[in-house]
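Nothing in this text is a laboratory measurement; each read-out follows from the coordinates by a stated rule. Since we're looking at a predicted model, the values are computed, not measured. Cβ sites come from the backbone with ideal geometry, for glycine too, and all protein chains shown count toward neighbours.
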Amino acid sequence: MNFIEELTWRGMIHDVMPGAKEQLEKEMTAGYLGIDPTADSLHIGHLVGVMILRHFQRCGHKPIALVGGATGMIGDPSGKSQERNLLTEETLRHNQDCIKAQLSRFLDFESDAPNAAEMVNNYDWMKNFSFLEFIRDIGKHITVNYMMAKDSVKKRLNGETSDGMSFTEFTYQLVQGYDFLYLYQHHNCRIQMGGSDQWGNITTGTELIRRKTGGEAFALTCPLITKADGGKFGKTESGNVWLDRRYTSPYKFYQFWLNVSDTDAEKYIKIFTFLEKEEIDALIEEQRQAPHLRPLQKALAKEVTTMVHSEADYLAAVDASSILFGNSTSDQLKSLDEETFLAVFEGVPQFEISLAELNDGIKAIDLLTEKSAVFPSKGEMRKMTQGGGVAINKEKLAQPDAVVTVDQLLNGRYLLVQKGKKNYFLLTAK
């Protein structure tokens, strides 16, 4: 596989420095991509960079994932309107360990292959670098004029807020440039990859390598991922879509990909999966013939959920989706773990009921009117039950006076009430 060609047809290249293609075709090359360690999980905004590293390794090259422990303490001004909070070393180390565990699902760190992946932390080589040494050995090679010409600097200095930027942030590109120089000298790293907003920082590194060593290094950037409607990719009403199930359940993760627009699905399936071109082209054609069947979204959601979580999590998410949107059974409902169950029914009206009263048994008509406001009156509840329109845990309620007991609780705590076809209510016993 040819790395540049593979990324090109997938729409994953924004800029490539001249000579990069020739270098990659000439020999196995080490290349790095920086990852911001401000949280102990990656989110799907990081996923593009992770996919690039995976393609890089699949094409026979050596990927280096750089966790920006030092740069994370400063904060990259690119695309930011204000300075970020700084992190402690203990927090950074914890975040690094968690990130490596996630990256291990994508990259081979463990084998003895010559292109096995490595993870490095720039804090390790920056922590003992004195300020005087840095400005003497590194700062003198890059002029202020050169640094001021970068878009990330110009936008902050001329931006609407006019707050400017601190000296700390101004030095960011020099610190990142030194990372590239260090990896070039100690890991024979010849190429840095990143988002298109990183071009200025990356080229500062190639320039530093040229001026300090006379050597040649290269830059490659990918487009920043956008949504067709102009909204921010990877964000939902509840915030970032994380790769860690503690922050975004596999069900919600699956739903995010399943619900992207047709236009976005056509773009994302090339970027976020390893499906071959012929298979993707066939899915795109299938989508055009029958858009209502959404084959692109289904394939995208399957591939990414399985890759980030597991096939079992993907299948559980499909089952969970059918519970909310299809004609599922009570057995399917009972098979859901608590995490998925709560994710599926997030946002439906909820009521607290008494566990003690359920222990004694309580009539459904009392439970759904007096103990919770599922129905405004007993008359309405009787009428709908007689018409077959009320279900508890996906089992139709035969009689309004049927007794509901603690044995019916899902995960020992919940009752799911369905009123008509689409109205759900969640009763939590406490």
Give the calculated FRET efficiency between Lys363 and Leu315 to the nearest 0.05, with a Förster radius of 35 Å applied to their Cβ-Cβ distance. 0.40
Rounded to one decimal in nm, the spacing of the 7 Å Cα→Cβ label points at Glu133 and Lys21 is 4.1 nm
Based on the Cβ-Cβ distance of Ala113 and Ser335, what FRET efficiency does E = 1/(1 + (r/R0)^6) give at R0 = 35 Å, to the nearest 0.05? 0.30
Remind me, relative contact order of the chain in percent, using alpha carbon pairs under 8 angstrom and six or more residues apart? 14 percent
What is segment 203-251's relative contact order, in percent, from Cα pairs under 8 angstrom and six or more apart in sequence? 17 percent
Alpha-carbon radius of gyration plus Dmax, which is the widest Cα pair, for segment 299-422 in Å: 16.2, 51
If amide hydrogens are placed 1.01 Å from N in the peptide plane, which non-local residues have theirs closer than 5 Å to the one on His43? Leu243
Rounded to the nearest 0.05, what FRET efficiency do Asn411 and Asp124 give with R0 = 60 Å and r taken as the Cβ-Cβ distance? Could you check? 0.85
Label Tyr146 and Thr263 with points 7 Å out from Cα along Cα→Cβ: what is the distance between them in nm? 4.1 nm
If contacts are Cα pairs under 8 angstrom and at least 6 residues apart, what is the relative contact order of segment 293-348 in percent? 24 percent
Considering just Cα atoms, how many Å³ per residue does the convex hull of the chain enclose? 181 Å³
Largest first and in whole Å, what are the equivalent-ellipsoid semi-axes of segment 232-364 based on the Cα gyration tensor, each being the root of 5 times an eigenvalue? 34, 16, 13
List the residues whose amide H sits under 5 Å from the amide H of Lys363, counting only those 5 or more places along or on another chain, with H placed 1.01 Å from N in the peptide plane. Val404
Taking segment 105-240, how many lysine pairs are there with alpha carbons less than 29 Å apart, if each pair must be eight or more places apart or span two chains? 21
For the chain, what is the mean residue ellipticity at 222 nm derived from helices alone (per DSSP H run of n ≥ 4: -39500 (n - 2.57); sum divided by total residues; nearest 500 deg cm²/dmol)? -13000 deg cm²/dmol
Using a 10 angstrom cutoff on alpha carbons, build the Gaussian network for the chain and name the most mobile of Arg294, Arg136, Arg58. Arg136
